[in-house]
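Accompanying notes for the structure given below.
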Amino acid sequence: MRASLIQIAVDPDESVKARRQRAASLIAAQRGADLVVLPELWPVGAFAYTAFEDEAEPLQGPTHDIMAKAAADAGVWLHAGSFVERAADGTLYNTSLVFTPEGERAAAYRKIHRFGFDKGEAVMMGAGDELVTVALPQTTLGLATCYDLRFPEMFRGLVDAGAETLIVSAGWPERRRAHWTLLAQARAVENQSYVLAVATAGTHAGVEQSGHSIVVDPWGEVLAQAGAGEEVLAVEFDPARVATTREQFPALKDRRLGLAPPRL
Ligand SMILES: O=C(O)CCC(=O)C(=O)O
């Protein structure tokens, strides 16, 4: 299976409209891949909080339509990263979209763990509450967005729902890049799954982005990692290795659920 992770740069001197067109061109160049993945909030920038209201779109808005066409034109499964969704009741969500190679929307995932503690996304956006998996012919994807990477129980939930390839679409700060690489490998090892984690490059709202998108196999080996700048990370991997890893080293079968709490 061939995947292309588009580590697009988000810089304030490029308009959202121009970046959407540029993303579509980058996707067009990936014809021949099975799966193309974009990062979190690449149209507006994950830390461009002051622009969230103005750039919010309905689920089926400009980002949706341009990405649907880009998937169909390139004939690829497309995880289109996320955008700021304005729901019918006015609530904003950090929403990822997946399209089939025919340009049909296969899934929408609203980020479950909002980042920012007492500011930014955490106070400006609603939280999703549904795990999302997407069955491709070669593998089942489990969807996660950025800060979700820190919550292993969410990934276990995705694996329990059938996920074999975990997608992390992110706008991760350079300051915590060591966590990015470590956690991507941890999620792969503990879930005996591929992890395809794509981050943005560039600097916006004063936050330098990490880049260093990464693909990890179910044994925890790094198959490929990008540098800091804009780049397309292309990898080939064998989805059947998830089943063989889980058979040969069946740690997932040794889980002990429902343990008693400590006695006081
Ligand atoms: O967890 C982190 O360090 C980064 C999270 C983040 O930037 C986000 O979710 O937007």
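Structure summary
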read-out: Strands (runs of 3 or more DSSP E) enclosed by the stretch 163-264 - at least 3 residues per element that are open to solvent by less than 60 Å² (accessible area, probe 1.4 Å); value: 165-169, 194-198, 214-216, 231-236
read-out: Candidate set from the stretch 93-124 (those that are more than 16 Å from the chain's Cα centre (by Cα) and within 14 Å of the ligand (Cβ to nearest atom)); member that is surrounded by the most Cβ atoms within 10 Å (Cβ to Cβ); value: GLU121
read-out: Residue within the stretch 133-144 that is within 15 Å of the ligand (Cβ to nearest atom) and within 28 Å of ALA29 (Cα to Cα) present; value: yes
read-out: The stretch 40-87: number of residues that are within 16 Å of the ligand (Cβ to nearest atom) and small (Gly, Ala, Ser); value: 6
read-out: Meets criteria (of a type outside the set (S, T, N, Q) and buried (at least 20 other Cβ atoms within 10 Å of the Cβ)) for LEU41; value: yes
read-out: Qualifying residue in the stretch 127-137 (condition: part of a strand (DSSP E or B) and over 14 Å from the mean Cα position of the chain (by Cα)); value: yes
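The values are calculated or read from the model by the stated rules, or taken from the named source; none is laboratory data. Treat the numbers as computed from the prediction; the structure is a model and nothing was measured. Here the Cβ is made from the backbone with ideal geometry for all residues, glycine too, and neighbour counts use every protein chain on show. Accessible surface areas use protein heavy atoms only, side chains included; no ligands, DNA or RNA. Shrake-Rupley method; radii C 1.70, N 1.55, O 1.52, S 1.80 Å.
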